[in-house]
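The values are calculated or read from the model by the stated rules, or taken from the named source; none is laboratory data. Computed from a predicted model, the values in this text were never measured in an experiment. All Cβ positions, even for glycine, are placed from backbone atoms using ideal geometry, and neighbour counts span all protein chains on display. For accessibility, only protein heavy atoms count, side chains too; no ligands or nucleic acids. Shrake-Rupley method; radii C 1.70, N 1.55, O 1.52, S 1.80 Å.
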Amino acid sequence: MGLRYDWQEAEIRAIYDTPLLELIYQAATIHRQHHDSRKIQVCKLVSIKTGACPEDCSYCAQSSRYKTEVKPQSLLDKQTVVDIAKQAKESGVSRVCMGAAWREVRDNSQFEQVLDMVKEVTALDLEVCCTLGMLNESQAKRLEDAGLYAYNHNLDTSEDYYSTIITTRTYGDRLKTIDNVRQTNVTVCSGGILGLGESADDRVSMLKTLSNLQPHPESVPINILSQVEGTPLENQPDVPVWEVIRAIATARIVMPTSDVRLSAGRSRLSQIEQAMCFMAGANSIFSSDDGKMLTVTTPCPGYDTDKQMLDLLGLEARESKSKVKGQRLEVKV
């Protein structure tokens, strides 16, 4: 079966509702048709500018509207970021994502500094991803010229549920940014968050939106909400791991060539639960040198802990694809 861009919600819901072990089997089978099941990409997320974001995302510790333990910090200097990236590479990381708590990219000196960071980290033969908020086509082109490999812009949830979580930008704004990135050879990273209070229908709807993008996002992060004290979602119940596995497996089936990234919230999963996620089609994780994924409110396993887990499972860290940036390979079956 070739790639499809016309998935319907009823079809995706039927996949999502498949008995769990059968669903994992189906996803694992498709995963092996398109990916080396022994390889897991290890990524590092760096907060290059922290806090004081003007948006009202109900889950976010970095919003200026909420009182959390995250303290605003100005843009990191280039050498600090390069040093973090070098240490990450030595620890098996092949992708470094740089995140700035901005609503949108502005054409100013800070953006110039970010472009310099992209150039320097790309020169280390790492895949460089940025998540900087909304951007226009011209800014996307400048990031491409600097060597950017990927741009992250998550949908977070379904279009119907979106305004319950965020009011300071629209779903259409998010899709427009993805479209602006698609005018370049920069790859797209876009996924969502489980545990925002959304229904299974909302998860299915989000996956329909992603799977109907042509081409599919090269990366699809599946995040688990980290409840942050001081935010509107601080008392949300934990998402059962079985629902996480269902979302991963469904994403793998409808977007077979994409990397499915087990992202925020992984620290709460046991090694056995993570192994089930890998079996269901996840082939990427975020690891750390400081015990946090982006800020202190999102714990993240360390490099050594993750290496031990991968060794135990007979898995290995995947190398960077940065030398083939922009060449989107689709496996035909």
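Expressed as a whole percentage, what fraction of the accessible surface of the stretch 29-109 belongs to carbon and sulfur atoms when a 1.4 Å probe is rolled over the protein heavy atoms?
46
Please report the carbon-and-sulfur percent of the accessible area for the stretch 183-333; probe 1.4 Å, protein heavy atoms only, DNA, RNA and ligands left out.
Carbon plus sulfur share of accessible area: 49 percent.
Test of understanding: what is the full-extension gain from S37 to A10, defined as 0.36 nm times their sequence separation minus their Cα-Cα distance? Can you show the working numbers first?
Details: separation 27, 0.36 × 27 = 9.72 nm, distance 2.87 nm.
That works out to 6.8 nm of additional length.
Using a 10 Å cut-off on Cβ atoms, rank the peptides 305-315, 202-212, 84-94 from the highest mean neighbour count down.
202-212, 84-94, 305-315
Once you list every other residue whose beta carbon is under 13 Å from the beta carbon of R103, what net charge do they have if Lys and Arg are +1 and Asp and Glu are -1?
Net charge in that neighbourhood comes out at +1.
Between the DSSP loop rule and a limit of at most 15 other Cβ atoms within 10 Å, which chymotrypsin sites (Phe, Trp or Tyr not before Pro) in the stretch 87-177 are left?
Taking the stretch 87-177 and a limit of 15 other Cβ atoms within 10 Å, no loop chymotrypsin sites (Phe, Trp or Tyr not before Pro) are found.
Sticking with the crude label model, points 7 Å out along Cα→Cβ, report the distance from E22 to K71 in nm, one decimal please.
Rounded to a tenth, the inter-label distance reads 5.5 nm.
Evaluate Rg over Rh across the stretch 37-107, taking Cα atoms for both radii and Kirkwood's formula for Rh. Intermediate results must be reported in sequence, preceding the final value.
Details: Rg = 14.6 Å, Rh = 13.8 Å.
Rg/Rh for the stretch 37-107 comes to 1.06.
Using alpha carbons only, what's the Rg to Rh ratio of the stretch 164-209 with Rh from Kirkwood? Please report the intermediate quantities before stating the final value.
Numbers: Rg = 12.4 Å, Rh = 12.3 Å.
In the stretch 164-209, Rg relative to Rh is 1.01.
Once Rh is set to the Kirkwood radius over Cα pairs, what Stokes-Einstein translational diffusion coefficient, in µm²/s, holds for the chain at a temperature of 10 °C and a viscosity of 1.306 mPa s?
Answer from the Stokes-Einstein relation: 80 µm²/s.
What number, rounded to the nearest 500 deg cm²/dmol, is the helix-based mean residue ellipticity at 222 nm of the chain, given -39500 (n - 2.57) per DSSP H run of at least four residues and division by all its residues?
-11000 deg cm²/dmol
Quick one: Cα centre-to-centre distance for the stretch 18-74 and the stretch 90-130, in angstrom?
Cα centroid to Cα centroid, the span is 17 Å.
Any idea of the accessible area per residue across the chain, 1.4 Å probe, to the nearest Å²?
In whole numbers, the chain has 42 Å² accessible per residue.
Net charge around A317, counting only other residues with Cβ within less than 10 Å of its Cβ (Lys, Arg = +1; Asp, Glu = -1)?
Net charge in that neighbourhood comes out at 0.
Once you measure Cβ to Cβ distances between cysteines in the chain, which Cys have no partner under 4.7 Å?
C43, C53, C130, C189, C277, C300
Can you tell me the relative contact order of the chain? Whole percent, Cα pairs under 8 Å, sequence separation 6 or more. Mind dumping the intermediate values first?
Values: 664 pairs, mean separation 84.4, N = 333.
Dividing the mean separation by the residue count of the chain yields 25 percent.
DSSP beta bridges in the chain, what fraction antiparallel, as a percent rounded to 5?
Counting only bridges with both partners in the chain, antiparallel ones make up about 5 percent.
Given a cut-off of under 8 Å on Cα pairs at least six residues apart, what relative contact order in percent is computed for the stretch 109-180? Provide the component values of the computation, followed by the final result.
On the way: 58 pairs, mean separation 23.9, N = 72.
Reported relative contact order: 33 percent.
The stretch 1-54: which GluC sites (Glu not before Pro) are DSSP loop and have at most 11 other beta-carbon atoms within 10 angstrom?
On the way: sites: E9, E11, E22; in loops: none.
Loop-located and lightly packed - none at all.
Using only alpha carbon positions, build the gyration tensor of the stretch 1-55, then give the equivalent ellipsoid semi-axes as the square roots of 5 times its eigenvalues, largest first, whole angstrom.
Here the semi-axes work out to 32, 20, 13 Å.
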